[in-house]
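A.B. asks: Once you've had a glance at the structure underneath, I'll fire off some questions.
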Amino acid sequence: MKNMLVTGGCGFIGTNFVRYLLEESDFEGRVVNVDALTYAGNPENLSDIEKVFPERYVFVKGDICDKEGMAHVFDDYEIDTICHFAAESHVDRSIVSPDAFIRTNIVGTFNLLELARKQQGGLELFHHISTDEVFGSLGKDGYFTEETPYRPNSPYSASKASSDHLVRAYHETYGLPVTISNCSNNYGPYQFPEKLLPLMILNALEGKQLPVYGDGLNVRDWLYVRDHCTAIWKIMKNGKRGDTYNIGGNTEMENIRIVEMVCDILDDLPLPKRDHSRRELITFVKDRPGHDRRYAIDFTKLRRELGWVPEESLETGIRKTIQWYLENQEWVNRVQSGEYQSWIEAHYGK
Ligand code: NAD
Ligand code: DAU
């Protein structure tokens, strides 16, 4: 693996993965980060990386749906490995306007697969990042395994399911060396504050309402983003080509409990005093249509075959995440005010 194309590297997980690869892992090659810089992409996340690793990190503003542009990237940088994060990722947005989800998640993935196929011989691996949402919803018991049938319930998860099928089919039909990982809800540094955890942390700090959908008893399995990165890298290095691996945090929790945890941790920190507990900010709001009730991941295969286990517990992970948001107020301000987008326009045009 000499020249790795990372798509969507300016998003939440992509940023953490690029940092992990260059700062912590034993990867010795070059990272070529292609990102279209949608509302979710922030190149400032990696501006220090650009300075510290000028020979090993390249950023290209590009759209994975642009066939010609992506063909140049493959040629110019002699891409031999792909780690594909780029996607529209937010379920609520997919309910309001699904178009971009179909375009990027399905057509964009198809474009990359076609280019990868033409790079055959020179291509070592196409690793596709997917989600546990493709499996649909669990009842009270049971876990998603790699054998669970697909049953996506939102335009987002249906588009991810579609891309997973394409990746698998390119392995079966053309022998493309692929691996796929399906992981649970990530959280940690650099997450855009539309997702549950950063939204609750920042609203609670600002004394704003904490909107909990429905009865708050939907369950998610929370995965600290650095644990996700170590799992991806293990799969890329040693995973069986053509195989799928589930990645989870072993941390099933009802949404309402997560929000209460955030409130309690913040109440205990030496922050400006409030008269009441932050729990009083919790507000139950109208439920999300098609809201999956429960996700829980069985990652036995990843543990058994590749020896991976998550390091963070929910308590340590949430504390680290809160600390990161407290220490990175400048990042928060620029994201919340939209200043990061003005910076992008000034540097890269509209
Ligand atoms: P994100 O929304 O934070 O980042 C997505 C990135 O992709 C952004 O930088 C965006 O600019 C870029 N992008 C969007 N459309 C593009 C296009 N057409 N061409 C090039 N770049 C484009 O998402 P994330 O949370 O970091 O998720 C990354 C991947 O992981 C996605 O594939 C997502 O489905 C998957 N995933 C996420 C989670 C999670 O909890 N966040 C869990 C499971 C799987
Ligand atoms: O499971 C993996 C998926 O996790 C990823 O594939 C998606 O890209 C990622 O966005 C995430 O999807 P969710 O819909 O689970 O994440 P979200 O943060 O939007 O919501 C988490 C839970 O919290 C969900 O049950 C809905 C609820 N929620 C969310 C928001 C934003 C609320 O109750 N209130 C909120 O304001």
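The values are calculated or read from the model by the stated rules, or taken from the named source; none is laboratory data. Quick caveat, the model's predicted, so the values are computed rather than measured. Note that we place each Cβ from the backbone using ideal geometry, even for glycine, and neighbour counts take in every protein chain shown. For the accessible areas, the whole protein counts, side chains as well, though only heavy atoms, and no ligand, DNA or RNA atoms are used. Shrake-Rupley method; radii C 1.70, N 1.55, O 1.52, S 1.80 Å.
A.B. asks: When the stretch 5-15 is examined, which residues are found to be open to solvent by less than 20 Å² (accessible area, probe 1.4 Å) and either in contact with an Asp or Glu (Cβ under 6 Å, 6 or more places away or on another chain) or not in a strand (DSSP E or B) (or both)?
C.D. replies: Those that are open to solvent by less than 20 Å² (accessible area, probe 1.4 Å) and either in contact with an Asp or Glu (Cβ under 6 Å, 6 or more places away or on another chain) or not in a strand (DSSP E or B) (or both): G8, G9, C10, G11, G14, T15.
A.B. asks: Let me ask another. Give me the pairs: first residue in the stretch 312-339 and within 16 Å of F12 (Cα to Cα), second residue surrounded by fewer than 14 Cβ atoms within 10 Å (Cβ to Cβ), beta-carbon distance under 7 Å, and six or more apart or on different chains, which are they?
C.D. replies: Here the result reads none, with nothing in the stretch 312-339 linked to a residue that is surrounded by fewer than 14 Cβ atoms within 10 Å (Cβ to Cβ).
A.B. asks: Name the one entry in R19, R30 that is basic (K, R), open to solvent by 20 Å² or more (accessible area, probe 1.4 Å), touching a strand residue (DSSP E or B) at 6+ places or on another chain (Cβ under 7 Å) and modelled with pLDDT of 95 or more.
C.D. replies: R30
A.B. asks: Would you tally the residues in the stretch 1-47 being within 16 Å of ligand 2 (Cβ to nearest atom), among the aliphatic types (A, V, I, L, M) and over 24 Å from E345 (Cβ atoms)?
C.D. replies: Of the residues in the stretch 1-47, 1 are within 16 Å of ligand 2 (Cβ to nearest atom), among the aliphatic types (A, V, I, L, M) and over 24 Å from E345 (Cβ atoms).
A.B. asks: Given the condition of a type in the set (A, V, I, L, M, F, W, C), more than 9 Å from ligand 1 (Cβ to nearest atom) and within 20 Å of D243 (Cα to Cα), answer yes or no: does some residue in the stretch 35-51 qualify?
C.D. replies: Scanning the stretch 35-51, I find no residue that is of a type in the set (A, V, I, L, M, F, W, C), more than 9 Å from ligand 1 (Cβ to nearest atom) and within 20 Å of D243 (Cα to Cα), so the answer is no.
A.B. asks: Restricting to the stretch 183-217, count the residues that are near ligand 2 (Cβ under 7 Å from one of its atoms), of a type in the set (G, A, S) and under 19 Å from G8 (Cβ atoms).
C.D. replies: 1
A.B. asks: Taking the residues in the stretch 209-261 that are of a type in the set (S, T, Y) and surrounded by fewer than 22 Cβ atoms within 10 Å (Cβ to Cβ) as candidates, determine which candidate is nearest to ligand 1 (Cβ to nearest atom).
C.D. replies: Across the stretch 209-261, the extreme among qualifying residues is T244.
A.B. asks: Out of the stretch 104-131, which residues are open to solvent by 10 Å² or more (accessible area, probe 1.4 Å), more than 16 Å from ligand 2 (Cβ to nearest atom) and in contact with a strand residue (DSSP E or B) (Cβ under 7 Å, 6 or more places away or on another chain)?
C.D. replies: Matches in the stretch 104-131: E124 only.
A.B. asks: Quick one: would you say K140 is of a type in the set (D, E, K, R) and near ligand 2 (Cβ under 10 Å from one of its atoms)?
C.D. replies: Judged against the criteria, K140 is not a match.
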